[in-house]
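Quick notes on the structure that follows.
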Amino acid sequence: MVPVMWAREARRSPGEGGCMPVRLSVLSCGVLGASGSPRAIPARVDTKSVSDWLAGLGVVGYEVPGGLQLASGRSRPGLASKSFLMAPPAYADLGKQARDVFNKGYHFGLWKLDVKTKTNSGVEFNTSGSSNQDNGKVFGSLETKYKVKEYGLNFSEKWNTDNTLTSEVSVENQLVKGLKLSFDGSFAPQTGYDSSTISSNYAIKFGYAVSYKFRRKTDNANVLTLSYRSKTGRFKTAYSHDKVRVDADVNVDLAGPLVNASGVFNYQGWLAGYQVAFDSQKSKVTANNFALGYSTGDFVLHTNVNDGREFGGLIYQRCNDRLETAVQLSWASGSNATKFGLGAKYDLDKDACVRAKVNNQSQIGLGYQQKLRDGVTLTLSTMIDGKSFNTGGHKIGVALELEA
């Protein structure tokens, strides 16, 4: 995406709450139409909501001016404008707009329910459950979040039906502006596996994991055995600039660290990225990937070469304010396997949309999403196997999202 965001301030008296009405648009693929008009965005949101909204678009490394308020449709022509730059996306986020067209809104073979609630004290509960129609497995999770805004603290606890417990504590914008420090750990009681991570999404991330197991032998005598196993720690850094983003992490292992690094560079809409992984234990490069792309307001082209053997490409285009289309293509030189797909998303109105995709294996995916009322969204999807249309093998998916 082109890393530029424009915020225009109306030269009018302050609006409600003393906030100046502004119109905010992001110059990234799928956000501005061909005419330059912005997409529909929330009517009025605070700075945090703007950040969440941009994060949902995959925009990273930006800075939202303090006290920014957004009132869609209340700005007028002839506004004074100012701009500020955002960093290019991470290597893993290149081509994200096209992948979202193929992946979002499809739940083939699943019955899914998501419930989000929030108490008056600010505690958030996210409950999710799904049933796999193929094997009958039921999976569920419960997550709680609590924020202490005055101290920038965030607490999170998560449990799932695989009996894995995860906790996270983070502090944001307290030590240094833009710095976020977090500590998270997971524990699986049935295996005795425990892991923890200390991280900072601003500059440094570090992780360390330890697992332990008690085993009682009952063959000849009762013996209690304790085994201690050290997992790899991880040191991670990230640097963002308006023209470049660099990520690097090192797995600290006594046998030899695994080094991962990537960088993305931006110049007038052109994005070039490189990703490498090096296993020092084997003195071998395990990943050597390159990507090149171009992004405008309503068009994104992304190409990549992985290890010199896999070649891929993605094209995304927002044809108008309602229609998004995408094309994906990949070819592996070793197996000579080719994959090709077409996808589209069309907004019927502000509450409903339809999706469709097809690939060279004659698999057709269809989806329909409807906002039934505030806080209730229903998503229906189906995958049709065109090669065996009469014999079956088709899948359906139903997802219901509730929020209060």
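Taken together, the values in this text are just the output of simple stated rules run on the coordinates, not laboratory data. What you are looking at is a predicted structure, and each value in this text was computed from that prediction instead of being measured. Virtual Cβ from ideal backbone geometry, glycine too; neighbours counted across all protein chains shown.
Things worth noting here:
- Pairs beyond 25 Å (Cα-Cα), from Lys112/Lys158; Lys112/Lys345; Lys243/Lys284; Lys145/Lys357; Lys96/Lys357: Lys243/Lys284; Lys145/Lys357
- Computed lengthening from Lys282 to Asn160, 0.36 nm per intervening residue step minus Cα-Cα distance: 40.3 nm
- Rounded to whole Hz, the Karplus (6.51, -1.76, 1.60) HN-Hα couplings of the stretch 344-358, x for glycine and proline: 8, 9, 10, 8, 5, 7, 6, 10, 9, 8, 10, 10, 8, 8, 8
- Test item: Cα-centred dipole of the stretch 253-398, Lys/Arg +1 and Asp/Glu -1 on Cβ, debye: 300 debye
- Modelled FRET efficiency - R0 60 Å, Ser362 with Tyr146, Cβ distances, 0.05 increments: 0.80
- The base-10 log of I(q)/I(0) for the stretch 311-372, evaluated at q = 0.12, 0.25, 0.26, 0.29 Å⁻¹, reads -0.38, -1.03, -1.06, -1.16 [Debye formula, identical scatterers on Cα atoms, solvent excluded].
- Compactness of the stretch 280-355 as Cα Rg over 2.2 N^0.38 Å, two decimals: 1.50
- Relative to the current alpha-carbon distance between Ser128 and Lys112, full extension at 0.36 nm per residue lengthens the span by 5.0 nm.
- Net dipole in debye of the stretch 312-404 [+1 Lys, Arg Cβ; -1 Asp, Glu Cβ; about Cα centre; nearest 20]: 320 debye
- Long-range amide H partners of His394 with built H, under 5 Å: Asp385
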